[in-house]
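Here's the structure we're looking at; comments come further down.
The values are calculated or read from the model by the stated rules, or taken from the named source; none is laboratory data. All of these numbers come straight from a predicted model, not from anything done at the bench. No Cβ is skipped: glycine too gets one built from the backbone with ideal geometry, and neighbour counts run over all protein chains shown. What goes into the accessible areas is simple: the full protein's heavy atoms, side chains included, and nothing from ligands, DNA or RNA. Shrake-Rupley method; radii C 1.70, N 1.55, O 1.52, S 1.80 Å.
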Amino acid sequence: MGIRLVGTSFRLPPLSGRAALLTGAACSALFLAGCETASGIRPPGRGIAEISDTDPKAASANIESLTEVIRRNPTSAEAYNTRGVAYARIGNFQEAINDFTQAAKIDPNNAAAYTNRALASRQAGQNEAARADFDRAIQANANHAPAYVGRANLLRAQGNLDQARQDLDTAIRLNPENAQAFHSRGLIHQKRGDHARAVTDFDNAIDRDPFAAAPYQARGESLVALGKYDKAIEDFNAALNVDNKSALAWAWLGLAYDKSGNRAKAQETWQRALQLDPQQPIAKQGLRG
């Protein structure tokens, strides 16, 4: 699983590691990403941190250099926020939370620090603390779009779709180029069965970030619901071009093939899904049928 936190303008050595997409099963937090029927999606802009295949030695060296920056700048909220992102990248959420807390103590109006602490708290299973921090971030800066996206995904996970939709509408108004917000709003439409609107939002997410698997996966699922199987097949293949180890994408691709009348291709694809996840329910059901 991965996290995506709000960045800073503090200039520090680059953090190593490739982007890791969130999976629906593993997603317990937004980190500027949406999770439900599809994987997470990368946010545009600066300050992205993810759990990834980071070299432990490189990660340790980065944190050591960031610690030295803090030693030289002990009153810099930016420095603590940046090291918090580095800790979060390697999955050390408690250390990340500690650094974001220090950043907020130094600068009580630091909306990014509150948002990042909320995202790390969600990853640690502390949803009440996360909600409080999203609220604090918005109180500190009512125009801080990432906090609205983060709070919306928490609300969506808790079943509060109406308020989640309101937060995403606000995020999109504040930042019309926010692929995360469109993707997350599309998931709400999808959950409500409004697949036409879902497809429109996924279109917008893909326009803004065409190299993420999540919106292709999600749009493909809505296209299946709309009976547009050929287009759905294209989307699942696009998702697999980004992450060919997604059992969910292989399973849905098989379902789209099956509904389009290509049973042989569907069975082959479901077998691929089960190689990756022997318990994948869509693939198992498809092969039984």
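Side notes on the structure shown:
- Subset of the stretch 63-107 that is hydrophobic (A, V, I, L, M, F, W, C) and without any contact (Cβ under 8 Å) to a residue 24 or more places away in the chain - its residue that is surrounded by the most Cβ atoms within 10 Å (Cβ to Cβ): F100
- Matching residues in the stretch 74-100 - criterion: being more than 18 Å from H144 (Cβ to Cβ) and β-branched (V, I, T): T75, I90, I97
- Note on the stretch 134-169: residues that are assigned to a helix (DSSP H, G or I) and within 18 Å of the chain's Cα centre (by Cα) amount to 20.
- The set of residues in the stretch 251-275 being part of a loop (DSSP other than H, G, I, E, B) and polar (S, T, N, Q) consists of S260, N262.
- Residue within the stretch 241-250 that is assigned to a helix (DSSP H, G or I), of a type in the set (K, R), open to solvent by 40 Å² or more (accessible area, probe 1.4 Å) and out of contact with any strand residue (DSSP E or B) (no Cβ under 6 Å at 6 or more places or on another chain) present: no
- Taken over the stretch 174-209, the criterion of being aromatic (F, W, Y) and open to solvent by 50 Å² or more (accessible area, probe 1.4 Å) is satisfied by no residue.
- Answer from A147, A129 - the residue that is surrounded by fewer than 18 Cβ atoms within 10 Å (Cβ to Cβ), more than 27 Å from A58 (Cα to Cα), aliphatic (A, V, I, L, M) and modelled with pLDDT of 95 or more: A129
- Residues of the stretch 152-173 classified as open to solvent by less than 30 Å² (accessible area, probe 1.4 Å) and charged (D, E, K, R), total: 2
- Qualifying position, being at pLDDT below 95, in contact with a helix residue (DSSP H, G or I) (Cβ under 7 Å, 6 or more places away or on another chain) and under 24 Å from L66 (Cβ atoms), among A86, A104, A96: A86
- Of the criteria (1) free of Cβ contacts under 8 Å to residues at least 12 places away in the same chain; (2) more than 19 Å from F134 (Cα to Cα); (3) of a type outside the set (A, V, I, L, M, F, W, C); (4) part of a helix (DSSP H, G or I), which one R219 fails: (1)
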